[in-house]
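For reference, the structure discussed in these notes is given below.
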Amino acid sequence: MDLLEVARFTTLPEAELVVGLLRRHKIDARVADREMANSMPHLQVALGGLRVVAPDFQIVAARDIVSRARKGEFDTAEDVGAEWLQDHTPGRVGELHDHEIHGVMGSMKTATRVVIITILVLPLAGCLVLWLV
């Protein structure tokens with residue numbers, strides 16, 4: 001049984017809410033990146049967010065449920081709203097590309113890369129140049 005990506009989310013609570021919704025519909029979903037999110041939360045943005053995965057034989061139903069939730073089909077009158085669902089694109093079988101990540105995730109990922117390059121790579125490159133001269 002292969003686990004395939006259903007969708008990606010910026011935070012662990014968002015991913016867990018979707019897992020709860022999917023499990024309520026008898027889909028064996030889980031957050032694939034839970035350990036990373038708990039031990040190194042600063043990396044979850046750089047790595048593209050938290051993946052919610054489901055077994056390959058349930059992937060079509062899982063993606064359908066997430067899509068319906070984003071459209072508000074599961075909202076009730078008591079709901080405050082489901083804004084967290086509306087800015088995310090469900091993943092496809094295989095890899096989710098950067099241009100497919102919408103909302104805050106895309107700009108945060110770019111900003112994280114700039115910070116990492118500025119803080120780590122440029123000083124190391126400068127030391128290497130000085131060492132070679």
Treating only the Cβ atoms of Lys and Arg (+1) and Asp and Glu (-1) as charged, compute the dipole magnitude of segment 22-70 about its Cα centre; round to the nearest 20 debye.
260
Exposure proxy check: D56, D28, D2, D33 ranked by fewest other beta carbons within 10 Å?
D2, D56, D28, D33
Relative exposure of I65, I117, judged by other C-beta atoms within 10 Å (fewest first)
I117, I65
Fewest first, what order do K71, K26 take by the number of other Cβ atoms within 10 Å?
K26, K71
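Where a number appears in this text, it was derived from the coordinates with a stated rule and is not lab data. Owing to the predicted nature of the structure, the values given are computational and were not obtained by experimental measurement. For neighbour counting, all protein chains shown are included, and Cβ atoms are generated from backbone atoms with ideal geometry for every residue, glycine included.
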